[in-house]
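Peer 1: Before anything else, here's the structure in question.
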Amino acid sequence: MSNTYSTAAENLAVEATSAISTLLAPFASIAKAFPLEPLKDPALPRVVAVVKSVADTQLVANPDYTLGDATINPTTINHTLFTQPFGIGCDELDLGARLAWLYQLNGQKIAAALSDAISALLTTANYGAPVVTCTAANFAVSDFETLYNGVATAGRTIILDTSYFAKVKPASWCPPGFTSLWEHTRWSAAGANVRGFVSDPAAIVISYAIPNVDRPGRQVMAMAPFTIPQIGLQGMASIYYLTATRRLMGCLSLQMGAAPGDTNALKLLVSA
């Protein structure tokens, strides 16, 4: 039977999904999530197989069957536990609007941390020299051709900082040859002067696990899983009681790691 705490935990999961999805939406078409295997310790690194450098098709009468260069490389992903705890009072439990605001604010906070962890991979060390270098004032639709040629796949997505996005984004428009065009606002964790990129889903690989919320000193009152559909991440929303301080808490938890996948599948845009 449902109670106040379980209902609040379920609402927390719904609000978390909404808040985190909004901020991570630009990564929907550039990252592939690998669920953690059952019974594997999420604190340990995960090794996944990444397909890289798929060979071009040969259109000749006598093909050379030795020229294929597709490879499957083991890639290690280290996991980080992301937690966003916050206090809940009787007023928040009694007033649904206040509780929803509390959930949204904390969902945005953990979403920002997740976004930064993925954005930290956007460096020239991982993906090579930028294919476009220009200021927002000089950015134009003509730069899309350069970005288009930077990644040789059919599933290209382009992500731009707000100042660049505003220069080329009429309502409901995506440049030909790209599957989607997104605005992104958080670049502080990315490489120097990175303000955008073109990519396909092979560029970044992600591993995740649902963390254990039952820890010493906490009496878990209720918990509910949440899912971030854009990149397949899953986490846990929980409400628990701190026995030492007699305080009711809410928490969003997610175990995640990210690593470069196919480094030819993403090219950067920088401001200078």
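The values are calculated or read from the model by the stated rules, or taken from the named source; none is laboratory data. Keep in mind the model is a prediction, meaning the values are calculated, not measured. Glycine gets a Cβ as well: all are built from the backbone with ideal geometry, and neighbour counts include every protein chain shown.
Peer 1: Would you check which residues across segment 205-247 are out of contact with any strand residue (DSSP E or B) (no Cβ under 9 Å at 6 or more places or on another chain) and among the charged types (D, E, K, R) and list them?
Peer 2: Selection gives 246 alone.
Peer 1: Taking segment 258-270 on its own, how many of its residues are touching a Lys or Arg at 6+ places or on another chain (Cβ under 8 Å), buried (at least 22 other Cβ atoms within 10 Å of the Cβ) and not aliphatic (A, V, I, L, M)?
Peer 2: Qualifying residue count, segment 258-270: 2.
Peer 1: Looking at residue 212 and the list (1) surrounded by fewer than 18 Cβ atoms within 10 Å (Cβ to Cβ); (2) in contact (Cβ under 8 Å) with a residue 12 or more places away in the chain, which single condition is not satisfied?
Peer 2: (2) is the only condition that residue 212 fails.
Peer 1: Return the pair list, or none, for Cβ contacts closer than 6 Å from residues in segment 55-83 that are closer than 30 Å to residue 20 by Cα and surrounded by 12 or more Cβ atoms within 10 Å (Cβ to Cβ) to residues that are of a type in the set (Lys, Arg) and at pLDDT 75 or above, at least 6 apart or on different chains.
Peer 2: 77/46
Peer 1: Now, a different point. Does residue 112 satisfy being of a type in the set (A, V, I, L, M, F, W, C) and closer than 30 Å to residue 251 by Cα?
Peer 2: In short, yes.
Peer 1: Just to confirm my filter: which strands (runs of 3 or more DSSP E) fall fully inside segment 46-104 and include at least 1 residues that are modelled with pLDDT of 75 or more, in contact with a Cys (Cβ under 8 Å, 6 or more places away or on another chain) and closer than 30 Å to residue 249 by Cα?
Peer 2: In segment 46-104, 80-87 are the strands (runs of 3 or more DSSP E) which contain 1 or more residues that are modelled with pLDDT of 75 or more, in contact with a Cys (Cβ under 8 Å, 6 or more places away or on another chain) and closer than 30 Å to residue 249 by Cα.
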